[in-house]
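Nothing in this text is a laboratory measurement; each read-out follows from the coordinates by a stated rule. Bear in mind that the values here come from a model prediction, so they are computed numbers and not experimental data. Because the Cβ atoms are built from the backbone with ideal geometry, glycine has one as well, and the counts that use them run over all protein chains shown.
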Amino acid sequence: DKRSFRHFMLKEIHEQPETAARWLACHFPEGGVDDPLVALPLEVSLLEDLQRIQVLACGTSRHAALVGAYLLEQLAGVPTSVYYASEFRYAPPPLGPNTLTIGVTQSGETADTLAALAMEQQRRAGHSDPAYGARLLGITNRAESSLGRLVPHLIDIQAGVEVGVAATKTFMGQLLAFYGLAIRLAELRGSRSRQELHQLVAELRALPAQLQTLIDRLDLRCAELAHSFADTQDVIYLGRGINYPIALEGALKLKEISYIHAEGYPAGEMKHGPIALLDARVPVVSVAVPGTVFDKVLSNAQEAKARDARLIGVAPEGPDTELFDVLLPVPEVNELISPLLTLIPMQLLSYHIAAHRGLDVDQPRNLAKSVTVE
Ligand code: M6R
């Protein structure tokens, strides 16, 4: 039931502090300084001596995988590639040893993801060298799904039933699964100091309360802002680094429920083509959070502003972010954690734009909750 919410999607956006709190309580147990930081049901043999990780997914799950790849490379130091499952099926990369293959699908029923995983399992089963054997892990919200039967190892994100076709709280759950996995791997490999990992876990523990404040604050703000999108036909979303996938996710959410054309781009790519699209009719949503690429993203936003684009910033309040015409403020946190917060304005903005247009937010045209055909 929708409780007092107008749509399931809005209810599910509001459930994310709870999704995060449940995950953190389960998988980041409070313990002594020498206890393992992360509790995941994964044997060490699955994770040891990894040379490569490949992640197969579609849609929003693929965006979670892109954030995951950033964490796995930057925190755990394991080269990681993310593939569209539908592409991987027909053009898999050459086999390599000690490779972990992760399938990400909230429904556990996406045909392309299941077929890509099955194909990978099969081609590795034929290899004589055991180092080339399949190490398969699934990340899902439905442990009892086809994915659950296909792979021997599973991370259950436990986000609860998601009714809206647009994935929201399951995206949050998938991201948190990758934080758990990357921290676990970093711990095992000694790629980051224990103190640094402890600090990161402590910052993650603050997430549910931060999410609650952010959702309460931005819900009304996005509802008001949605009016100004009544005649909008195109929106560009920009991000860089760990927030580049969040720009992709913002664009996907807007497309699927509001039917407005939207593109997500790594901000540095604008000048290689898309900047030609910009004028006063094209809003640009820019994710700009302090960290390695803050100045770069701000200067990319400035370039868009010079082409008369209306700039909407997903950024902390402060003198640096005064260039934005509209600010959807997010708290200033460790850059590595920031996607867990910057995703909120993306979800709320697309929800309110679609709801303002009177569209069927929970059942958008031409889409189904799980895509069980190729
Ligand atoms: O069930 P899955 O996570 O495998 O679904 C993958 C995509 O079909 C899904 O994320 C789709 O893009 C959503 N409707 C996005 O909101």
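Any idea what the relative contact order of segment 34-93 is, in percent, if you count C-alpha pairs under 8 Å spaced at least 6 apart? Let's see the in-between values first.
Details: 47 pairs, mean separation 21.6, N = 60.
It rounds to 36 percent for segment 34-93.
For segment 63-162, which GluC sites (Glu not before Pro) pass both filters: DSSP loop (anything but H, G, I, E, B) and at most 10 other C-beta atoms within 10 Å? Walk me through the intermediate numbers first.
Working: sites: Glu73, Glu87, Glu109, Glu120, Glu144, Glu162; in loops: Glu109, Glu144, Glu162.
The qualifying sites are Glu144.
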> From the square roots a ≥ b ≥ c of the eigenvalues of the alpha-carbon gyration tensor of segment 226-374, which class results: rounded (a/c under 1.5), prolate (a/b over b/c), or oblate?
Replying inline: prolate
> Summing +1 for each Lys or Arg and -1 for each Asp or Glu, what net charge is found among the other residues whose Cβ lies under 12 Å from the Cβ of Gly164?
Replying inline: 0
> If each of Gln363 and Met119 carries a label point 7 Å out from its Cα toward its Cβ, how far apart are those two points in nm?
Replying inline: 3.4 nm
> If amide H atoms are built 1.01 Å from N in the plane of the peptide, which residues on other chains or at least 5 residues away come under 5 Å of the amide H of Ile155?
Replying inline: Gly138, Ile139, Thr140
>> Can you give me the long-range amide H partners of Val371? Hydrogens built in the peptide plane at 1.01 Å from N, cutoff under 5 Å, separation of 5 or more residues or another chain.
In response: Ala111
>> Taking every alpha carbon pair in segment 163-261, what does the distance histogram look like in 10 angstrom bins from 0, in percent?
In response: 12, 32, 34, 16, 6, 0
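Report, to one decimal in Å, the Kirkwood hydrodynamic radius for the chain based on all distinct Cα pairs.
Details: mean 1/r = 0.0475 Å⁻¹.
It is 21.0 Å.
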> Which whole-angstrom value gives the distance between the alpha carbon centres of segment 320-374 and segment 108-154?
Replying inline: 30 Å
> For segment 358-374, what does the Karplus curve 6.51 cos²θ - 1.76 cosθ + 1.60, with θ = phi - 60°, yield as ³J(HN,Hα) per residue in whole Hz, taken in order and with x for Gly and Pro?
Replying inline: x, 8, 7, 4, 7, 10, x, 4, 6, 10, 10, 5, 10, 9, 8, 10, 5
> Just how far, in whole angstrom, is segment 164-205 from segment 253-315 if you go by their alpha carbon centroids?
Replying inline: 27 Å
>> Please arrange Lys169, Lys2, Lys369 by how many other C-beta atoms lie within 10 Å of their C-beta, fewest to most.
In response: Lys2, Lys369, Lys169
> Where does each of Thr110, Thr105 land when they are ranked from fewest to most other beta-carbon atoms within 10 angstrom?
Replying inline: Thr110, Thr105
>> A 21 angstrom limit on the alpha carbon distance is what I want to check against. Which of Lys169/Lys296; Lys2/Lys369; Lys253/Lys296; Lys255/Lys296 exceed it?
In response: Lys169/Lys296; Lys253/Lys296; Lys255/Lys296
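Quick one, what does Rg over Rh come out to for segment 103-162 if you take C-alpha atoms and the Kirkwood Rh?
On the way: Rg = 12.3 Å, Rh = 11.9 Å.
My calculation puts Rg/Rh at 1.03.
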> Taking H as built 1.01 Å from N, whose amide H comes closer than 5 Å to the amide H of Gly264, not counting residues under 5 places away?
Replying inline: Tyr237
> Using the Karplus equation 6.51 cos²θ - 1.76 cosθ + 1.60 (θ = phi - 60°), what ³J(HN,Hα) coupling, rounded to whole Hz, does each residue of segment 28-36 give in order, writing x for Gly and Pro?
Replying inline: 10, x, 5, x, x, 4, 9, 6, x
> With θ set to phi - 60° and the Karplus curve 6.51 cos²θ - 1.76 cosθ + 1.60, what are the ³J(HN,Hα) couplings of segment 135-152 in order, to the nearest whole Hz, using x for Gly and Pro?
Replying inline: 10, 10, 10, x, 10, 8, 9, 10, 4, 8, 7, 4, 4, x, 7, 7, 9, x
> Using the Kirkwood formula over every pair of different C-alpha atoms, what hydrodynamic radius in Å results for segment 285-357?
Replying inline: 12.7 Å
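Mind putting a number on the dipole of the chain about its Cα centre? Charges go on the C-beta only, +1 for Lys and Arg and -1 for Asp and Glu, and I need it in Debye to the nearest 20.
Details: 33 positive and 44 negative charges, 114 e Å.
My answer is approximately 540 debye.
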>> Limiting things to C-alpha atoms, what are the Rg and the maximum Cα-Cα separation (Dmax) for segment 1-114, in angstroms?
In response: 17.3, 52
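Based on the alpha-carbon gyration tensor of segment 243-304 and its eigenvalue square roots a ≥ b ≥ c, which shape applies: rounded if a/c is under 1.5, prolate if not and a/b is larger than b/c, or oblate?
Numbers: a/c = 2.11, a/b = 1.30, b/c = 1.62.
It is oblate, given that a/c is not under 1.5 and a/b is not larger than b/c.
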